[in-house]
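S.K.: Below: one structure in C-alpha coordinates.
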Amino acid sequence: VQLVESGGGLVQAGGSLRLSCAASGRTSNIYHMGWFRQAPGKERQFVAGINPGGGYTTYSESVKGRFTISRDNAKNTVYLQMNSLKPEDTAVYYCAASTYGSYTYEVPGWYNYWGQGTQVTVSS
(Lines give C-alpha, C1' and ligand atoms only; values in the text may rest on other atoms or scores of the structure.)
Protein backbone atom coordinates (compact mmCIF):
# COMPACT_ATOMS: atom_id res chain seq x y z
CA VAL A 1 0.00 0.00 0.00
CA GLN A 2 1.29 3.44 -0.92
CA LEU A 3 -0.16 6.54 0.73
CA VAL A 4 0.22 10.04 -0.74
CA GLU A 5 -0.97 13.13 1.13
CA SER A 6 -1.89 16.42 -0.50
CA GLY A 7 -3.68 19.65 0.31
CA GLY A 8 -1.25 21.20 2.74
CA GLY A 9 -0.20 24.83 2.53
CA LEU A 10 -0.10 28.20 4.23
CA VAL A 11 -3.29 29.59 5.75
CA GLN A 12 -4.15 32.37 8.17
CA ALA A 13 -5.49 31.62 11.61
CA GLY A 14 -9.21 30.93 11.47
CA GLY A 15 -8.98 29.55 7.97
CA SER A 16 -9.59 26.08 6.58
CA LEU A 17 -7.75 23.39 4.66
CA ARG A 18 -8.71 19.96 3.45
CA LEU A 19 -6.05 17.28 3.34
CA SER A 20 -6.37 14.22 1.15
CA CYS A 21 -4.65 10.86 1.41
CA ALA A 22 -4.79 8.72 -1.71
CA ALA A 23 -4.03 5.03 -1.38
CA SER A 24 -2.77 2.80 -4.13
CA GLY A 25 -1.83 -0.83 -4.29
CA ARG A 26 -4.21 -3.02 -2.32
CA THR A 27 -7.72 -1.65 -1.83
CA SER A 28 -7.88 0.77 1.07
CA ASN A 29 -11.35 -0.05 2.31
CA ILE A 30 -10.05 -2.86 4.49
CA TYR A 31 -7.84 -0.54 6.47
CA HIS A 32 -8.32 1.56 9.51
CA MET A 33 -6.91 5.00 8.68
CA GLY A 34 -5.43 7.73 10.80
CA TRP A 35 -3.99 11.21 10.60
CA PHE A 36 -1.00 12.28 12.69
CA ARG A 37 1.03 15.45 12.84
CA GLN A 38 4.54 16.34 13.89
CA ALA A 39 5.84 19.80 14.68
CA PRO A 40 9.58 20.56 14.74
CA GLY A 41 11.21 19.20 17.88
CA LYS A 42 8.05 17.42 18.99
CA GLU A 43 6.82 13.84 18.93
CA ARG A 44 4.35 12.61 16.36
CA GLN A 45 0.84 13.32 17.64
CA PHE A 46 -2.42 11.53 16.88
CA VAL A 47 -5.04 13.74 15.22
CA ALA A 48 -7.94 11.57 13.97
CA GLY A 49 -8.87 8.02 13.03
CA ILE A 50 -11.60 6.26 11.04
CA ASN A 51 -12.62 2.62 10.71
CA PRO A 52 -12.84 0.78 7.37
CA GLY A 53 -16.56 1.42 6.85
CA GLY A 54 -16.40 5.04 7.96
CA GLY A 55 -18.97 4.59 10.71
CA TYR A 56 -16.55 5.16 13.57
CA THR A 57 -14.32 8.18 14.02
CA THR A 58 -12.15 9.41 16.85
CA TYR A 59 -10.23 12.64 17.47
CA SER A 60 -7.65 14.09 19.78
CA GLU A 61 -9.01 16.61 22.24
CA SER A 62 -6.98 19.39 20.64
CA VAL A 63 -8.84 19.12 17.31
CA LYS A 64 -12.26 17.82 18.36
CA GLY A 65 -15.01 20.06 16.98
CA ARG A 66 -12.67 21.68 14.44
CA PHE A 67 -11.40 18.77 12.32
CA THR A 68 -13.41 16.09 10.53
CA ILE A 69 -12.05 12.84 9.13
CA SER A 70 -13.91 11.05 6.35
CA ARG A 71 -13.26 8.52 3.62
CA ASP A 72 -14.44 7.65 0.14
CA ASN A 73 -13.65 3.98 -0.38
CA ALA A 74 -14.66 4.13 -4.04
CA LYS A 75 -11.83 6.63 -4.55
CA ASN A 76 -9.43 4.98 -2.08
CA THR A 77 -9.09 8.35 -0.39
CA VAL A 78 -9.25 9.62 3.19
CA TYR A 79 -9.80 13.28 3.99
CA LEU A 80 -9.12 15.59 6.89
CA GLN A 81 -11.21 18.75 6.85
CA MET A 82 -9.56 21.32 9.12
CA ASN A 83 -11.53 24.38 10.18
CA SER A 84 -10.81 27.22 12.61
CA LEU A 85 -7.11 26.59 12.23
CA LYS A 86 -4.73 27.88 14.89
CA PRO A 87 -0.99 28.59 14.75
CA GLU A 88 -0.44 25.60 17.04
CA ASP A 89 -1.86 23.35 14.29
CA THR A 90 1.29 24.04 12.27
CA ALA A 91 3.02 20.72 11.55
CA VAL A 92 3.72 18.09 8.95
CA TYR A 93 0.58 15.97 8.64
CA TYR A 94 0.85 12.26 7.90
CA CYS A 95 -1.79 9.70 7.01
CA ALA A 96 -1.39 6.09 8.03
CA ALA A 97 -3.12 2.76 7.42
CA SER A 98 -3.56 -0.20 9.75
CA THR A 99 -4.59 -3.78 9.05
CA TYR A 100 -4.91 -4.67 12.72
CA GLY A 101 -8.28 -5.32 14.26
CA SER A 102 -8.11 -3.47 17.56
CA TYR A 103 -9.19 0.16 17.70
CA THR A 104 -5.97 1.74 18.96
CA TYR A 105 -5.88 4.65 16.58
CA GLU A 106 -3.75 6.90 18.77
CA VAL A 107 -0.77 4.51 18.82
CA PRO A 108 1.67 5.09 15.92
CA GLY A 109 3.00 1.53 16.18
CA TRP A 110 -0.47 0.17 15.32
CA TYR A 111 -0.12 1.38 11.73
CA ASN A 112 1.54 -0.65 8.97
CA TYR A 113 1.86 2.05 6.33
CA TRP A 114 2.65 5.76 6.32
CA GLY A 115 2.60 8.56 3.78
CA GLN A 116 5.42 11.02 3.24
CA GLY A 117 3.62 13.93 4.89
CA THR A 118 2.30 17.32 3.84
CA GLN A 119 3.19 20.63 5.49
CA VAL A 120 0.48 22.75 7.09
CA THR A 121 1.47 26.24 8.25
CA VAL A 122 -0.98 28.49 10.07
CA SER A 123 0.04 32.11 10.42
CA SER A 124 -1.20 34.35 13.23
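The values are calculated or read from the model by the stated rules, or taken from the named source; none is laboratory data. On a predicted model such as this, the values are computed, not experimentally measured, just so you know. With ideal geometry, Cβ positions are generated from the backbone for all residues, glycine too; neighbour counts draw on all protein chains shown. Calculation scope for accessible area: heavy atoms of the full protein, side chains included, ligands and nucleic acids excluded. Shrake-Rupley method; radii C 1.70, N 1.55, O 1.52, S 1.80 Å.
S.K.: Could you tell me which numbered condition Glu106 fails, if it satisfies all but one of (1) in contact with a Phe, Trp or Tyr (Cβ under 9 Å, 6 or more places away or on another chain); (2) charged (D, E, K, R); (3) assigned to a loop (DSSP other than H, G, I, E, B); (4) closer than 20 Å to Leu17 by Cα?
M.R.: Checking Glu106 against (1) in contact with a Phe, Trp or Tyr (Cβ under 9 Å, 6 or more places away or on another chain); (2) charged (D, E, K, R); (3) assigned to a loop (DSSP other than H, G, I, E, B); (4) closer than 20 Å to Leu17 by Cα, the one that fails is (4).
S.K.: Being small (Gly, Ala, Ser), touching a residue at least 12 places away in the same chain (Cβ under 8 Å) and in a loop (DSSP other than H, G, I, E, B) is the filter here; which residues of segment 32-52 pass it?
M.R.: Correct list: Ala39 only.
S.K.: Can you work out which of the residues in segment 63-80 that are part of a strand (DSSP E or B) and of a type in the set (D, E, K, R) is nearest to Glu106 (Cα to Cα)?
M.R.: Arg71
S.K.: With the condition kept exactly as written, say whether any residue in segment 35-52 is exposed (fewer than 14 other Cβ atoms within 10 Å of the Cβ), within 19 Å of Glu5 (Cα to Cα) and of a type in the set (D, E, K, R).
M.R.: no
S.K.: If only one of Thr77, Thr121, Thr68, Thr99 is more than 29 Å from Gly14 (Cα to Cα) and either open to solvent by less than 60 Å² (accessible area, probe 1.4 Å) or of a type in the set (Val, Ile, Thr) (or both), which one is it?
M.R.: The match here is Thr99.
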